[in-house]
1. For the chain, what is the percent of antiparallel DSSP beta bridges, rounded to the nearest 5?
2. If the viscosity is 0.890 mPa s and the temperature 25 °C, what translational diffusion coefficient in µm²/s does Stokes-Einstein give for the chain when Rh comes from Kirkwood over Cα pairs?
3. Could you calculate the FRET efficiency of residue 174 with residue 106 from 1/(1 + (r/R0)^6), where r is the beta carbon distance between them and R0 is 22 Å, rounded to 0.05?
4. Under a crude label model (7 Å from the Cα following the beta-carbon direction), how far is residue 90 from residue 1 in nanometres?
5. Determine, for 53, 161, the number of other Cβ atoms within 10 Å of each Cβ, and report the residues in order from fewest to most.
6. In whole percent, what relative contact order does the chain give with Cα contacts below 8 Å and a gap of six or more residues?
7. Between the alpha-carbon centers of the range 1-50 and the range 127-142, tell me the distance in whole angstrom.
8. Taking the range 12-73 as the region of interest, what is the percent of Cα-Cα pairs per 10 angstrom bin, listed from the shortest bin to the one with the maximum distance?
Ligand code: SAH
Ligand code: MG
């Protein structure tokens, strides 16, 4: 598996696939162990790098992951098989905003790592699938250090993306239902936990 992961890192560099930073995935794997996470939903599989690492955090972890890009989905399937993880990982080829998950599916962890401009939509859609005591972790909250500095950017795609991530951060900070902690490692993570009733 080690070798396969190195190969995936290489592929990601060559094909410009934005896989998670090492520090961030190490943090998440640790979180999975410490909170005894069993079922994970991932939005944005890409080639399955974070998926495979999350699934390998401990024995009884199962990951459902959603990817809308066909090439990446195929690559993800291939990598999951090569790592012998098909029993622990279910890869869904669909747009996460269109997918219909069965209402009785519940997850201990939801990892949001797809289109950065749609974070709030993903959060609002998938929070119903979170188990009591579960957490929603979001990646790329700092977006290469641009977040918090959108006013210094010229108008364009980058600026509009950064403004949306800033909007997501405000949404999390002002959320009455969830408490969010922001962690400044890798490209920035947020961890949102629902208040106890
Ligand atoms: N989690 C991966 C990286 C994901 S990159 C890792 O760290 O290894 C983000 C991925 O989300 C891209 O492959 C993109 O195709 C996918 N994506 C973006 N918007 C999506 C959506 N609405 N539904 C499903 N996948 C989406
Ligand atoms: Mg990411």
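1. On the way: 11 of 30 bridges.
Around 35 percent antiparallel, to the nearest 5.
2. Working: Rh = 17.1 Å.
Answer from the Stokes-Einstein relation: 144 µm²/s.
3. Numbers: r = 26 Å, r/R0 = 1.17.
The formula returns an efficiency of 0.30 here.
4. With each label point 7 Å from Cα toward Cβ, the separation is 2.0 nm.
5. On the way: 53 22, 161 19.
Lowest to highest Cβ neighbour count: 161, 53.
6. Values: 334 pairs, mean separation 36.7, N = 197.
Relative contact order for the chain comes out at 19 percent.
7. Distance between centres, Cα-based: 16 Å.
8. Taking every Cα pair in the range 12-73, the percentages come to 22, 52, 23, 3.
All of the numbers you see were taken from the coordinates with simple rules; none came from a lab. All values derive from a computational prediction rather than experimental measurement. Cβ atoms come from the backbone with ideal geometry, glycine included; neighbour counts cover every protein chain shown.
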